[in-house]
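The values are calculated or read from the model by the stated rules, or taken from the named source; none is laboratory data. In this text the structure is predicted, and so the values were computed from the model without any measurement. Counting neighbours? That spans all protein chains shown, and the Cβs are built from the backbone with ideal geometry, glycine included.
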Amino acid sequence: MMQSLHVAGYRVASVTTDGFLCDAHSLDGLTTWGIAEAFIDGRKRLGLDSNLWELKHAAQSLVMMKTRGGYGLGRVGDLPLPIARAGYKSSQEDTSEALARVYLERRGRVVTEEVRLPTMREYVRHEADGTGRIQRKELSLDYDFKRCPQKIWTETIVIQGQSYEHVSFDSVPWGSIDEFTNAREVIDQHHDTPLKSESDLKQALLRVERHTAVKSVGLRVNNNVAISGAVSVLRGLRAGGISAPWFDPDVTSGKTVLERVGAVFGVKLSTNDWKNAGRKERQKQGWSLIGFDREVAALELTEKT
């Protein structure tokens with residue numbers, strides 16, 4: 001059904017095991033390649049009607065956060081608004097609009113709280129009195145990158161007269177489990193930084209691209225992938241695999257190279273970085289310029305073939 005909706009030009013905002021959110025007003029007439037017909041036949045054999053789908057929620061607009069997180073705004077008839085909390089709980093106002101505002105106004109991880117009752121072990125061993133207590137913890141409401149974002153744009157969300165900018169995007173499956181793992185490694189390193197704008201998301205994807213490129217050639221990946229990229233350039237220059245009009249291996253000092261490359265990548269490089277880049281065992285590991293287009297252009301680098 002998801003593919004059928006896509007082919008028909010509809011958008012699917014979220015899919016879980018028990019339902020999906022989409023902008024189609026009706027599912028009648030959509031091609032299901034014989035699958036729907038088989039289900040309808042099965043229902044009839046069981047004495048049921050031919051209705052495959054049940055409309056459970058509706059909203060005039062959606063604020064989507066992650067795979068299992070999103071809020072509907074603006075009721076449609078008597079249908080309830082969709083609310084997927086993504087683990088967020090609060091003793092404060094719990095309407096869909098209030099929850100969406102928490103997400104749109106976030107500055108990092110948010111504090112979630114819930115009333116926790118004693119466990120059976122606490123009752124037996126510690127004679128707990130059954131009184132619940134509020135438990136607080138920090139939670140990230142940002143996108144979980146279970147799919148790869150594409151076609152990024154900004155939407156304006158209005159809640160009780162106040163406007164918010166919300167970054168939105170289409171998504172496709174990652175090419176492999178390794179691509180997904182690499183992406184999560186990078187995103188988890190910056191879990192305290194919210195992705196609230198197109199620029200934020202594009203920078204995150206650039207970090208993922210760089211991380212993947214550096215890792216693919218066997219280079220050590222630092223928490224700051226820019227350092228890995230800068231060290232990769234040093235290695236290429238010293239091995240003769242990368243050239244630049246300002247670099248002459250017989251004339252240009254290591255200090256000059258470190259200052260210039262470090263300034264462009266925005267990192268501080270040490271003399272040890274320069275020495276290590278010249279070691280044969282390090283050079284055998286290779287280097288890569290993939291994902292560093294801006295830095296390559298600024299340093300006028302050319303990779304020899």
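Can you list the helices (runs of 4 or more DSSP H) found entirely within segment 92-189 that contain at least 2 residues being without any contact (Cβ under 8 Å) to a residue 24 or more places away in the chain and surrounded by fewer than 15 Cβ atoms within 10 Å (Cβ to Cβ)? Can you show your working first?
Values: elements: 96-104, 120-126, 177-189.
Ranges flagged: 120-126, 177-189.
Looking across segment 235-273 at every residue that is in contact with a strand residue (DSSP E or B) (Cβ under 9 Å, 6 or more places away or on another chain), part of a helix (DSSP H, G or I) and not charged (D, E, K, R), the one that is surrounded by the fewest Cβ atoms within 10 Å (Cβ to Cβ) is identified as Gly236.
Inspect segment 165-187 for any residue being touching a Pro at 6+ places or on another chain (Cβ under 8 Å), at pLDDT 90 or above, farther than 26 Å from Val231 by Cβ and not aromatic (Phe, Trp, Tyr) and give the result as yes or no. Yes, there is a match, as at least one residue in segment 165-187 is touching a Pro at 6+ places or on another chain (Cβ under 8 Å), at pLDDT 90 or above, farther than 26 Å from Val231 by Cβ and not aromatic (Phe, Trp, Tyr). Of all residues in segment 190-199, which are more than 19 Å from Gly291 (Cα to Cα) and surrounded by fewer than 16 Cβ atoms within 10 Å (Cβ to Cβ)? Scanning segment 190-199 gives His191, Asp192, Ser197.
Screening Ser288 on (1) assigned to a loop (DSSP other than H, G, I, E, B); (2) surrounded by 13 or more Cβ atoms within 10 Å (Cβ to Cβ); (3) free of Cβ contacts under 8 Å to residues at least 40 places away in the same chain shows it passes everything except condition (3). Each residue in segment 32-54 was checked for being surrounded by 13 or more Cβ atoms within 10 Å (Cβ to Cβ) and in a loop (DSSP other than H, G, I, E, B), and 2 of them qualify.
Name the one entry in Ile152, Ile134 that is of a type in the set (A, V, I, L, M, F, W, C), within 26 Å of Glu97 (Cβ to Cβ) and under 15 Å from the mean Cα position of the chain (by Cα). Please lay out each step first, then the result.
Numbers: Ile134 fails: under 15 Å from the mean Cα position of the chain (by Cα).
Sole residue among the options that is of a type in the set (A, V, I, L, M, F, W, C), within 26 Å of Glu97 (Cβ to Cβ) and under 15 Å from the mean Cα position of the chain (by Cα): Ile152.
Candidates are the residues of segment 56-71 that are under 20 Å from Glu165 (Cα atoms) and without any contact (Cβ under 8 Å) to a residue 40 or more places away in the chain; the one that is surrounded by the most Cβ atoms within 10 Å (Cβ to Cβ) is Tyr71.
The residues in segment 250-266 that are under 15 Å from Trp287 (Cβ atoms) and more than 33 Å from the chain's Cα centre (by Cα) can be counted, and the count is 1.
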